[in-house]
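Accompanying notes for the structure given below.
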Number of protein chains: 6
Amino acid sequence: MVEITDMLGNRSITRQDGRKVDELRPVRITRHFTDAPEGSVLIECGNTRVMCTATFTPTVPRWRKDSGLGWVTAEYAMLPRATKERTDRESVKGRIGGRTHEISRLIGRCLRGVVDMKALGENQIQIDCDVLQADGGTRTASVTGAFVALVDAMRWAEANRHIKSADQVVTDYVSAVSVGVINGTPMLDLPYVEDSQAMTDMNVAMTGHGAFIELQGTAEHRPFTRAELGVLLDLAEKGNKELQAAQRAALALD
Amino acid sequence: MVEITDMLGNRSITRQDGRKVDELRPVRITRHFTDAPEGSVLIECGNTRVMCTATFTPTVPRWRKDSGLGWVTAEYAMLPRATKERTDRESVKGRIGGRTHEISRLIGRCLRGVVDMKALGENQIQIDCDVLQADGGTRTASVTGAFVALVDAMRWAEANRHIKSADQVVTDYVSAVSVGVINGTPMLDLPYVEDSQAMTDMNVAMTGHGAFIELQGTAEHRPFTRAELGVLLDLAEKGNKELQAAQRAALALD
Amino acid sequence: MVEITDMLGNRSITRQDGRKVDELRPVRITRHFTDAPEGSVLIECGNTRVMCTATFTPTVPRWRKDSGLGWVTAEYAMLPRATKERTDRESVKGRIGGRTHEISRLIGRCLRGVVDMKALGENQIQIDCDVLQADGGTRTASVTGAFVALVDAMRWAEANRHIKSADQVVTDYVSAVSVGVINGTPMLDLPYVEDSQAMTDMNVAMTGHGAFIELQGTAEHRPFTRAELGVLLDLAEKGNKELQAAQRAALALD
Amino acid sequence: MVEITDMLGNRSITRQDGRKVDELRPVRITRHFTDAPEGSVLIECGNTRVMCTATFTPTVPRWRKDSGLGWVTAEYAMLPRATKERTDRESVKGRIGGRTHEISRLIGRCLRGVVDMKALGENQIQIDCDVLQADGGTRTASVTGAFVALVDAMRWAEANRHIKSADQVVTDYVSAVSVGVINGTPMLDLPYVEDSQAMTDMNVAMTGHGAFIELQGTAEHRPFTRAELGVLLDLAEKGNKELQAAQRAALALD
Amino acid sequence: MVEITDMLGNRSITRQDGRKVDELRPVRITRHFTDAPEGSVLIECGNTRVMCTATFTPTVPRWRKDSGLGWVTAEYAMLPRATKERTDRESVKGRIGGRTHEISRLIGRCLRGVVDMKALGENQIQIDCDVLQADGGTRTASVTGAFVALVDAMRWAEANRHIKSADQVVTDYVSAVSVGVINGTPMLDLPYVEDSQAMTDMNVAMTGHGAFIELQGTAEHRPFTRAELGVLLDLAEKGNKELQAAQRAALALD
Amino acid sequence: MVEITDMLGNRSITRQDGRKVDELRPVRITRHFTDAPEGSVLIECGNTRVMCTATFTPTVPRWRKDSGLGWVTAEYAMLPRATKERTDRESVKGRIGGRTHEISRLIGRCLRGVVDMKALGENQIQIDCDVLQADGGTRTASVTGAFVALVDAMRWAEANRHIKSADQVVTDYVSAVSVGVINGTPMLDLPYVEDSQAMTDMNVAMTGHGAFIELQGTAEHRPFTRAELGVLLDLAEKGNKELQAAQRAALALD
């Protein structure tokens, strides 16, 4: 346990952007960012900006027909100049890359983790997360923003009598945050500059009750120990609680 | 000429959104919309919102090497929920549709029409126009917004000594606007609701000197006469002058 | 108006191939070029040769079902050695290029502009324009030739009682021609050598009544003025009248 | 041997189109069919019409560089309405089908079989065979026509001093013909109506010296015996001799 | 006939792997290689190893519906390191190559040649041949192995009452073997080292009754005479008889 | 801690296949499974069978040139009938699915996690994992098997003097195993039948020193608590130790 205490000791370190190791970047959630979608949210985590929309369709994919159950799916993409260097469009390349696939699937699983498919009925929600500006943590910002868009779409569906109750469909909050070990120090919510130095990198999606929905830790550059894992999960828990407070505040408006 | 006068007489008609037949929708041009690109502009024409970025690369495509000349190219895309109904991503479909190709090429030609390739030198500008919200006129808004992003990228290139002078590269203003005949009445700057009723539909890109760079008139639903063409061009000229005033105002800020 | 007179004055200029500025290349329209299609036409405009077929199908695409309306669509392609340099097949590249898309769409719109979809009923016409040899103006030759193939297919459909009357379906003639400004001189019907020098380039599709169906002017290399536009349209009108005479003559044979 | 005699006895049978069992359809070979390619041939075998072009490039694919050897390759395609029913373009489908691949490869192998790659030097010939009208035997007509285009391209290359001698490069004639067993009767040169009834179907490419370059027999519908094979090869030999006479006659003109 | 005798005289030659010219490589057929498929066979011909599975589906492709007939289709692929040099996956390249297409079609035709589609009823068999290790003759090994998998799938279908009788569906044996001329000597069953030297190369699929189903001879490198063809077919007949003995032995086990 | 003890109490439960909750399926690792690759391994974990090959290339991808560093990459695929129902080939579909992408990337990261890129030098290892039979845990079996293939390839490279020392390149063992919560009971190494019931599912890749390289927990069906996480990690640790013992035993043979 000594080791962990040491790592907590690092909390006094100040980061390049002035934050403490366990401090989130400023979060801003703008609902009704565009008019057409049933849910439309712009989420800003520091300089990372993602537009998240939720599309409600009163039908399900063929393989789900006559099951009485709904479905939630997600697609993630980056605009070409979200990044320092322009990335070619996947539409132009004619194929979707592995990273895009991986993140789209992650977002879908996170949201499905808090949706009661029976209460949703044979309706589908399609989430689209398009990164306008990328400064680290785009996948976790997508999950956090998409959740708010999902709730808005469910409220719309309730108002339009497609579902009985938005609260029954969405069974809990879900948000996600990145944590990582930079030069031996565990830190919360990594911007690009830190992310690219991180030896260990973990994305943690948690519910409002503090349980895990997704845990993705990668340590290509240096394996991490179980003790380090413990500290990283503490940081993630703190971060997710704060993100959920931001979600709650945004959803309280109207 | 009688016919034309009649058509001008229609100017007293009020449209669904309260505008006169020769009135533009409100235009808003936000420069430096995102941080990474050399030029980044959000243009809003009524409810149509397009994010236009200009990427500067100090190199040209292979076929252009050793020519001493630069190149300007453009790509256009719609986010899935820019529209009332969600459109599938072209990256997911694995191919770019005809409409996307057509518009991307149009934007590229318009901008090349006001760029001195020699003054640009062996550098490339890649324009990306991504429609966040679509309410008619997305291709013309893209041209108008992309021009501002192009100028910003050229100023950046001048400041970074990639080119001698932005003013030498960009030889004139260019903007574009749609005009069309709705129920026999020529109108300026059509929103979606009018566009879908239009029997004739024309996109007109003009320079600051009032000359044409692109003229694309389509009359699938009812051919148009030369007299009607005259009125439509009058409207387009008026519209483009006002759009260029907006561009000028935006570029005057710093 | 002085400027225009000047431009008309240029009519005395002789071109590389000996034509006057307002003279079409020799046009030859061969009907029943192949046996299988309902309409099959070889059109030759100078050295440009396009095979145009019209396929009649007594059904419509899904989105058109139960509308009582028909549909006309078109596809354009070049054989690999239609051109001086061999162009790779789009089937081999696995994707259709922007130019092909753009032209296919143009042809479809032009023909739909003279078809009464109600009179056509729930039947579809698929136009295929395959360029055997390219010497400029392949897209306009395609429109002009495809119109004749379309009429033949309609006559076939009338004879086979799929439609009541070919004349009711095809409401007017349509043809197309290119015009352009070469070294300051407006000219009609540009072969490749002129087309590649043109500073302004316009494709004009007109009906038998002299109205416009498509107008596509591009001035990447030098914007054109409204006065120039007037002269170009005069030339296009003259050209289209002559092309329609050729269509009429071909269709009068049996 | 009795069995074979019987089969030869069938030579008195008259076919739907009036031919004898060992009679070719009328062959017509038109050289210089289009202007741009180094070799351009229209071959007509009955109602089957294929446009064959040969493109000369003074370079070889990367894998062949610095070998001192040339290369010959071929691509085959059908225009959409070459057939009774329209076939979708492979460019539109985004992929080349198995049949197209198979035939393209066959044509390439047949021509390479009579080309001396050393004499060709580091130059490439690309053969394009595009079927304008299909009535059976399109792949064999392609081989026969492509050979003539190849010779023309070699003569062009000799005249333009890319190669020393066309005769040294092309070491022999090559032509191909189909044979098959229809209702138990072996027949030469099958049109579509016979081809679709054939129980056995064989394509035979032979040199001017009567040796085989390709032999492709398929008997999905009824296996064939060695005796039948003998008769089919006799027919193919006769057919190929006559096709080579037609090639020789066409190449003798100038 | 002298020439043939000479060629037979070559039978005393010993090959690199110690075989006689008319000797097969050791064949091993392992049934029930994996558990899931209705038929699953590993065939080993020398160092060539192919996994062949047969999938039974109680339905047919759409174009075959209500015909009362079944269908058999096949797909062939190589694992990336089946070969000395790694070959890129066709899934990664996004397209299937010509060779793969050609072989898949060959396997399908061979098996359909011994299947009574009426007895099969409206059921489909999908054959998958995946090459684990390639040392020449992968396509012929695929045919030979796939036949055994097909019989196993038919026995399964009989046991599960999808068809009346496996014996009625599979009307005869089918196997395939390669033959070729190496340095003037005809040889049976070529491993990679011989195959790459072969001037003539032939794949011969034969039924249990000694008739041909497929005959594919290629002589890109040196045309072959009819006398040579005779010797090659003798070798192929001998090889196929022995392969069918191996199939019979494998199928006799249970 | 009480809760964990309870969960450990579940260890007395017997599973469908007779295993205890913390018991691995039988593991079999066959080296030199095929001849061509530098490393070729068949790994069997219960009924799951994966063929893993490692290809050594004395060069690196372009983006890695002149860095002095090597690269390791991986591709995963399933044969069509690895599963109960046949899955269409991704080569035929023309695109790689999200799941395939996700797993390929996971395998690559795991192996890179134990490779010293400097010691590898500018050489590349391409790992191919092809699932012959799938019964749960194919991705973890792939990691475990691929490690052995990687070591064999490094030994080959050392013997062939491409690298100095295999031991310097491969810095530690790595294996992976799945764990999950089935009906509230945490279990080790899930076969398909358990995997499909699992509410929580985690893949854990660990080094020989017991540190984590990848941790991927998904709880679409029921979020998991931190206490549950602890038990799952205990199980994974036990499983990975045993898998590494199997790797060690296999690598000790020669």
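Relative to its residue count, the stretch C:1-152 spans a Cα convex hull of 162 Å³ per residue. Structure remark: mean-square fluctuation, Gaussian network model of chain B, C-alpha springs under 10 Å; the largest value among B:91, B:40, B:196 belongs to B:91.
With only alpha-carbon atoms in the gyration tensor, what are the semi-axes of the equivalent ellipsoid for chain C, in Å, largest first? Walk me through the numbers before you get to the answer.
Values: eigenvalues 202, 81, 57 Å².
Listed largest to smallest, the semi-axes of chain C are 32, 20, 17 Å.
Sorted shortest first, the separations between the residue A:160 label point and its copies elsewhere in the assembly read 4.3, 4.4, 4.4, 6.1, 6.3 nm; each point sits 7 Å from Cα along the Cα-to-Cβ line.
Please compute, for peptide A:205-218, the average count of beta-carbon atoms on other protein chains lying within 10 Å of each residue's beta-carbon.
On the way: counts 4, 2, 2, 1, 2, 3, 9, 11, 9, 6, 9, 6, 8, 11.
The shielding value for this peptide is 6.
A simple charge model with +1 on the Cβ of Lys and Arg, -1 on the Cβ of Asp and Glu and nothing else charged puts the dipole of the stretch D:209-254 at about 100 debye relative to its Cα centre. Axis between D and C by rotation; chain D residue with nearest Cβ and distance in whole Å recorded as D:91, 2.
Remark: label point of residue F:227 defined 7 Å out from Cα along the Cα-Cβ vector; separations to the same position in other copies 2.6, 8.7, 8.7, 9.0, 9.1 nm, ascending. With r as the distance between the Cβ atoms of residue A:30 and residue F:238 and R0 = 45 Å, compute the FRET efficiency 1/(1 + (r/R0)^6) and round to 0.05. Step by step, r from the Cβ atoms, then E = 0.40. Charged side chains reduced to their Cβ positions (Lys and Arg at +1, Asp and Glu at -1) give the protein assembly as shown a dipole of some 20 debye around its Cα centre.
Indicate the helices, whole DSSP H runs only, in chain E that combine a mean Kyte-Doolittle hydropathy of -1.0 or more with a Cα extent along their long axis of 18 angstrom or more.
On the way: long enough: E:98-112 (21 Å, -0.53); E:138-159 (31 Å, 0.53); E:226-252 (38 Å, -0.09).
Those that clear 18 Å and a mean of -1.0 are E:98-112, E:138-159, E:226-252.
A straight line joining the Cα centroids of the stretch A:17-77 and the stretch F:145-175 runs 44 Å.
Ranking F:52, F:181, F:200 by Cα position along the charge dipole of the stretch F:27-252, where only Lys, Arg, Asp and Glu carry charges on their C-beta atoms, puts F:52 farthest toward the positive end. Of C:158, D:75, the sequence from fewest to most neighbouring Cβ atoms within 10 angstrom is C:158, D:75. Copy-to-copy label distances for residue B:17, where each label lies 7 Å from Cα along Cα-to-Cβ, are 3.6, 4.6, 6.3, 6.3, 7.5 nm in order of increasing length.
Based on Cβ point charges of +1 for Lys and Arg and -1 for Asp and Glu, what charge dipole magnitude is obtained for the stretch F:27-252 about its Cα centre, in debye rounded to the nearest 20? Mind showing how you got there, number by number?
Details: 26 positive and 28 negative charges, 93 e Å.
The dipole magnitude comes to about 440 debye.
For a distance above 19 Å, tell me the whole-number percent of Cα pairs in the stretch C:199-254 that qualify.
Details: 565 of 1540 pairs.
More than 19 Å apart: 37 percent of the Cα pairs in the stretch C:199-254.
For the residues of F:97-104, the average number of beta carbons from a partner chain within 10 Å of their own beta carbon is 5. For chain A, excluding the exposed loop sites themselves (trypsin sites (Lys or Arg not before Pro), DSSP loop, at most 14 other Cβ atoms within 10 Å), the longest remaining stretch covers A:165-254.
Once you've got the Cα coordinates, tell me which of D:20/D:84; A:65/E:93; A:93/F:93; D:118/D:164; C:65/C:93; E:20/E:238 are over 23 Å apart. Checking Cα-Cα distances, D:20/D:84; A:65/E:93; C:65/C:93 exceed 23 Å.
Computed over the protein assembly as shown, the percent of Cα pairs more than 46 Å apart is 51.
No value in this document is a laboratory result; all are computed from the given coordinates. A quick note: this is a predicted structure, and the numbers were derived from the prediction, not measured. Positions of Cβ are generated from backbone atoms using ideal geometry, with glycine treated the same way; all protein chains shown enter the neighbour counts.
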